[in-house]
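The values are calculated or read from the model by the stated rules, or taken from the named source; none is laboratory data. The structure presented is a predicted model; accordingly, all values stated were derived computationally and were not measured. Heads up, the Cβs are rebuilt from the backbone with ideal geometry, glycines too, and the neighbour counts pull from every protein chain shown. When the accessible area is computed, the model is the full protein with side chains, heavy atoms only, and any ligands, DNA or RNA have been set aside. Shrake-Rupley method; radii C 1.70, N 1.55, O 1.52, S 1.80 Å.
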Amino acid sequence: MSFDVVFVGGGLGSIFSLYNLIRTADKKNLNICIIDKEISNIPGGVAYGNKLENIGFFNNPCRLSPKELIRWVYKNKVDLINFVENSNSNSFKEWVKRYKLKFLNSKSLKDLDEIYLPRIFCNFWLESLLIKSLKKIKKKNYKILFIQGEAKQIIKKKKYKILIKNPTIFNCDLKQGTIGNQINFIRRIDGQNIEYINAKNILISLGIPEPRQSISKKILSDKFYIHDLYVSGGTKKLIKLINKKKLQKKNVSIHFLGSKAGFLEALPELYFFSKKNNIKIISTSNNAETLNSADISKNNSKYKLNFFSKNNYKKIKNPDDLYKKILEEFSFAESNNYNKYDPWTIILRKNILTKIIKNFDEKDKEIYNNKYFQLIRSKTRFTFPLTVKYKNLLEKYKIIKMIKSSVKSVSQKKDEFIVETKNNKKIKSDILVCVFGPQSVMDLKINDSLFKSLHKLKIEFLNTGIKVNKYFQTVGQNNIYMIGFHANGYNPDRKTIIKAIVENSKFALKSLKNNIVN
Ligand SMILES: Cc1cc2nc3c(=O)[nH]c(=O)nc-3n(C[C@H](O)[C@H](O)[C@H](O)COP(=O)(O)OP(=O)(O)OC[C@H]3O[C@@H](n4cnc5c(N)ncnc54)[C@H](O)[C@@H]3O)c2cc1C
């Protein structure tokens, strides 16, 4: 089987790219394939999918989301509210209390600016893009195939050969149903043996890699251990596990390794759960810090940037200075009774980082990507205030304990997990959840066969990601595109990841369309 374009990963990056490709392609014949490890992840991927974690929220407000998504949400707001109201999730009920009126009464996109949406809205939007794409594909007589299976290796003969583990071919049934009930994948049993497929062009968008942290095989396979909370089914899955454990004992302890987004995500539901059940929550991490709550102060409209005013930001000439000035701006804001989030919001809205970075020389751009991007990211990660609110409540009621230390080892004794920390504490728990940060591409180059194969293709790996050009073509293989997390500099201006991927997809398509014709 041979394709003009293969999308590896069937989430946000691939579906948005597919939609724009089909909408604008003028080629006579086009043969497309989408591969995903898990067919039900198409089109929302791991973060926004309907089947996995579907009761979480965006950690950025609408203002920082792609305009295309927000326009769609605005148009469909009545159906979306109905969907949320009919759900039995406690977090959604809280969301309705907080935002329903503002959401329904909005008169323009601007009125949605400060709202944090349920992430599943993004799945519905992607569903609508996939449906439009499929209709166009039919009209233009193009072909598309969906394969469930893990892309394990890419080899280059004349074309690329993608090796797939346990492939199954799916057909897609188009239904003009209601939101959340539109797409149905039907397995086609035609006995075709497709251990591999051929591709002229490949676009790779695989989401966030699973956490680093070496855990023994025995623990990895324990049903009370969750290695990748989102891929395993998110908060819903965790609550199921707690209920299972409760059949054996009354007080269940849950230990999170890490304290950032993955930890916060589960807390609203765990808070409501803790009202009727005895649970204890522990979080161990290097700094015991969670993400900052994205709270704008009441008088934020009066805030005037100090170090990032037009006259001053032009004086910022290198990444180190940029980093220091961000910290100074935050201190300045706080000492004047504003929140850190006030200046950060203005900096983002005015695209000030982009303007500053544009003026760095090539060497400083590299230094920024390799070192300062991460430093700045760690100081400027803000999240949905509701999740932080529930963390604070759980702390107040002494249900959560935050431990500041790194993890030395993880072992198991009978039915308990034992985490030993660098400062020699031994922490026991019934359930263990790993929410540490993701593996880097350098880890993947060693641990993951797909990335090993990319390395063999002479694609360049940097500490901060795979080297790509401005069209997101991998340097070394012009017909392989990477637009997401794995690409070096995929989000240099600290846009939100979702926005960065959507923008990167548009650049990649400019080049991909040429490659398809030639
Ligand atoms: C829980 C969660 C919440 C997030 N929240 C936000 C947010 O609020 N704001 C924001 O800006 N960003 C957020 N992100 C980050 C980012 O926006 C999403 O990860 C986004 O979906 C990435 O798009 P993608 O196309 O690269 O990957 P995805 O949409 O995740 O799609 C990748 C797909 O590839 C499949 N796959 C992986 N490996 C293989 C393989 N070898 N072979 C075949 N298929 C494979 C996966 O099954 C998955 O379905 C979040 C991420 C997560 C995980």
Pairs beyond 19 Å (Cα-Cα), from K218/K408; K93/K275; K110/K506; K452/K495: K110/K506; K452/K495
Sorted from largest to smallest, which semi-axis lengths in Å does the alpha carbon gyration tensor of the stretch 297-372 give for its equivalent ellipsoid, taking the root of 5 times each eigenvalue? 24, 12, 10
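Just flag the trypsin sites (Lys or Arg not before Pro) in the stretch 48-142 sitting in loop per DSSP whose Cβ has no more than 16 other Cβ atoms within 10 Å.
Values: sites: K51, R63, K67, R71, K75, K77, K93, K97, R98, K100, K102, K107, K110, R119, K132, K135, K136, K138, K139, K140; in loops: K51, K107, R119, K140.
Hits after loop and neighbour filter: K51, K107, K140.
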For the stretch 1-130, state the average projected area of the convex hull of the C-alpha atoms over all orientations, rounded to one decimal in nm². 8.8
Ignoring ligands, DNA and RNA, what percent of the 1.4 Å accessible area of the chain is carbon and sulfur? 48
Over 20 Å between alpha carbons, listed pairs K324/K365; K280/K428; K27/K132; K37/K132: K37/K132
Those trypsin sites (Lys or Arg not before Pro) from the stretch 225-263 that are DSSP loop and have at most 10 other Cβ neighbours within 10 Å turn out to be K250
How long are the semi-axes of the equivalent ellipsoid of the chain, defined as square roots of 5 times the Cα gyration tensor eigenvalues? Whole Å, largest first. 35, 30, 25
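Computed over the Cα atoms of the stretch 361-518, what is the ratio Rg over Rh, Rh following Kirkwood? It would help to have the intermediate numbers written out before the result.
Numbers: Rg = 20.6 Å, Rh = 19.1 Å.
Rounded to two decimals, Rg/Rh equals 1.08.
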Placing one equal point scatterer on each C-alpha of the stretch 66-169 and summing with Debye, one gets log10 I(q)/I(0) at q = 0.13, 0.21 Å⁻¹ equal to -0.70, -1.07
Using Cα centres only, tell me the gap between the stretch 302-372 and the stretch 95-162 in whole Å. 32
Efficiency of FRET between R71 and K28 - r from beta-carbon atoms, R0 25 angstrom, step 0.05: 0.20
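Which loop-located GluC sites (Glu not before Pro) does the stretch 284-377 contain, where loop means any DSSP state but H, G, I, E or B and the Cβ has at most 15 other Cβ atoms within 10 Å? Working shown, then result.
Numbers: sites: E289, E328, E329, E334, E362, E366; in loops: E289.
Taking the stretch 284-377 and a limit of 15 other Cβ atoms within 10 Å, the loop GluC sites (Glu not before Pro) found are E289.
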Using the Cβ atoms and a cut-off under 15 Å, what net charge is assigned to the surroundings of D448, where Lys and Arg are +1 and Asp and Glu are -1? +3
Quick one: pull the percentage of alpha-carbon pairs in the stretch 55-118 with a separation above 21 Å. 13
Would you rank S2, S253 by solvent-accessible area, highest first, keeping every protein chain in place and using a 1.4 Å probe? S2, S253
